[in-house]
2 protein chains.
Amino acid sequence: MTRLPLNTRITPSRKAMIDIFASTDHPLSAVQMHKLLKRLNINANITTVYRELEFLLNHTVIHKIDISGATTYYESSEGDHHHHAICTSCGNIQDVTISDEEAFLTNVRKPHDFTIKRHSVEFYGHCGTCN
Amino acid sequence: MTRLPLNTRITPSRKAMIDIFASTDHPLSAVQMHKLLKRLNINANITTVYRELEFLLNHTVIHKIDISGATTYYESSEGDHHHHAICTSCGNIQDVTISDEEAFLTNVRKPHDFTIKRHSVEFYGHCGTCN
DNA sequence: TATATAATGCAAATGAGTTGCATTAATAAT
DNA sequence: ATTATTAATGCAACTCATTTGCATTATATA
C-alpha cells in the first residue's frame with residue numbers, strides 16, 4: 001500500500017474507509033461510503049467522509065473516476081489499470097479493460113506540446129439486466 | 001442540422017445559442033454561454049440558458065462532454081468525432097482524435113451483455129502554455 | 001388581430017462539496 | 001499512567017451548478 005504520512009492517526013472511520021476500498025472492487029461516492037459506514041455503526045459526519053476521501057486521494061490510496069453527472073466516484077488504486085462501463089438505466093458500474101492499451105495510446109493525436117498526465121475512458125449504455 | 005420539433009419557436013436566445021454552437025469549435029459551459037449572450041446584448045436568464053441547453057441536447061444539436069469536475073460542458077454535434085485534452089492547470093480544452101478508433105473499440109473487453117451507446121475519452125495534463 | 005401555448009424570468013429549492021471554528025481524541029512525550 | 005500536542009472531527013453556514021414551480025411574456029398560427 002501507499003505510504004501515509006508519519007503523523008497519520010488511525011481513526012475508526014479512516015480504518016473502515018481504507019478497508020472498504022481495499023475490499024470493494026466497486027467505485028463509491030461520498031454518500032454511498034457514508035451509508036456503508038453507518039451500517040458498520042461508524043457514525044462519521046459526511047464532512048469527515050469528504051475530508052477523508054480527499055486525504056486518501058492525496059496519498060494515492062484511491063483515485064477519482066470521471067462519470068458523467070454531478071457525483072464523484074472513487075475507487076481503490078490497487079488493482080490493474082481499467083476503465084468503466086456505466087449503465088445509464090440503473091447506474092451500475094462495471095470494469096472494462098482494453099487489450100493492447102499502449103497501441104491505443106500511440107494512436108492518440110494529442111495537441112502539440114500537451115503533456116498527458118492521465119486519461120479517462122468510460123463507456124455508457126445498458127447492462128445485461130437493463131437490456 | 002438536426003430537425004427541431006415543428007412547434008419550436010425561434011427566440012433571440014435560441015437563435016444566438018444555435019449560432020454560437022455552430023460557429024465555435026470549443027466546448028462551453030452554461031455560465032460561459034450566458035456571458036457570451038450578454039456580450040451580444042441578449043440578456044437571457046441563466047435558467048433560460050440551462051433550459052435551452054437541455055432542449056438542444058434533447059434534439060441532438062449539441063452533446064455533453066464529460067470533464068472531471070462540477071461543471072458540464074457542451075459542444076456542437078456537428079464536426080468529426082473527437083475527444084478532448086483538458087489542461088488541469090488553466091482549464092483549456094483542445095480536441096483530440098484517435099487514428100483507427102474502430103480498432104481501439106474492438107480491443108475493448110466490454111462486460112458480458114453490455115450494450116455500448118456512447119463512450120467518453122478524455123486526457124488530462126498540461127497544455128503548451130502551462131508546460 | 002386574437003388565440004394557444006412555447007419560452008421566459010424570478011425566486012426558491014436541491015444536491016454535491018467546501019470552509020471556519022470550536023471541540024474531541026489519537027499518539028508522542030514525560 | 002498522565003499530560004501535551006495537534007490531527008481529526010462535528011456542526012453550521014456557505015458556495016456553486018443546476019433544477020423546479022409558477023406567474024408572465026411573446027412567437028407563431030388561426
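Please determine, in degrees from 0 to 90 and to the nearest 10, the orientation of helix B:46-58 with respect to the longest principal axis defined by the Cα atoms of chain B, where the helix direction is its Cα long axis.
Tilt of helix B:46-58: around 50 degrees.
Once Lys and Arg get +1 and Asp and Glu get -1 on their Cβ, which of A:Ala30, B:Ser76, B:Cys127 lies farthest toward the positive end of the dipole of the protein assembly as shown?
A:Ala30
In the structure shown, do any of A:Lys117/B:Lys38; A:Lys35/A:Lys64; B:Lys35/B:Lys64; B:Lys15/B:Lys117; A:Lys64/A:Lys110; A:Lys64/B:Lys117 have a Cα-Cα gap over 26 Å, and if so which?
As for pairs spanning more than 26 Å Cα to Cα, those are A:Lys117/B:Lys38; B:Lys15/B:Lys117.
Calculate the translational D of chain A in whole µm² s⁻¹ from Stokes-Einstein, where the hydrodynamic radius comes from the Kirkwood formula applied to all Cα pairs, the temperature is 25 °C and the viscosity 0.890 mPa s.
The estimated diffusion coefficient comes to 148 µm²/s.
Ignoring ligands and nucleic acids, what accessible area does A:His34 show with a 1.4 Å probe (Å², nearest 10)?
Only protein atoms counted, so the area is about 30 Å².
Mind listing the label-point distances from B:Asn41 to the same position on all other copies, shortest first, one decimal in nm, points 7 Å along Cα→Cβ?
Those separations, rounded to one decimal, come out as 7.0 nm.
For the protein assembly as shown, what does the accessible surface come to per residue with a 1.4 Å probe? Please give it in Å².
57
Only sites in a loop by DSSP and with at most 12 other Cβ atoms within 10 Å count here; which GluC sites (Glu not before Pro) in the range B:35-127 make the cut?
Passing both the DSSP loop test and the Cβ count: B:Glu78.
Please compute the net charge surrounding B:Asn107, taking Lys and Arg as +1 and Asp and Glu as -1 over other residues with Cβ under 12 Å from its Cβ.
Combined, the nearby Lys, Arg, Asp and Glu give -4.
Between the range B:56-131 and the range A:22-66, how far is it from one alpha carbon centroid to the other, in angstrom?
Result: 27 Å between the Cα centres.
How large is ³J(HN,Hα), in whole Hz, for each residue of the range B:92-101 in order, when computed from phi with the Karplus curve 6.51 cos²θ - 1.76 cosθ + 1.60 and θ = phi - 60°, using x for Gly and Pro?
Those phi angles translate into 4, 10, 10, 6, 9, 10, 10, 6, 6, 5 Hz.
What are the nm distances, shortest first, from A:Leu57 to its equivalents in the other copies, labels at 7 Å along Cα→Cβ?
Spacings between copies for this position, smallest first, are 2.2 nm.
Run the label-point distances for B:Asp95 please: 7 Å along Cα to Cβ, every other copy, nanometres, shortest first.
Distances between equivalent label points, in nm: 3.6.
Can you give the accessible area of B:Asp100, probe radius 1.4 Å, in Å² rounded to 10?
90
What three numbers, in Å, describe the spread of the alpha carbons of the protein assembly as shown along their principal axes, ordered from the longest?
Cα spread of the protein assembly as shown along its principal axes, largest to smallest: 60, 45, 42 Å.
Have a look at the range B:51-69 and report residues whose accessible surface goes down by 30 Å² or more when the remaining protein chains are included, against the chain on its own, probe 1.4 Å, ligands and DNA/RNA excluded.
B:Asp66, B:Ser68
If ligands, DNA and RNA are left out, what is the accessible area of B:Thr48 with a 1.4 Å probe, given in Å² to the nearest 10?
50
The values are calculated or read from the model by the stated rules, or taken from the named source; none is laboratory data. Because the structure is a prediction, the values reported are computed rather than measured. Cβ atoms come from the backbone with ideal geometry, glycine included; neighbour counts cover every protein chain shown. Just so you know, the surface numbers come from the protein's heavy atoms only, side chains and all, with ligands and any DNA or RNA stripped out. Shrake-Rupley method; radii C 1.70, N 1.55, O 1.52, S 1.80 Å.
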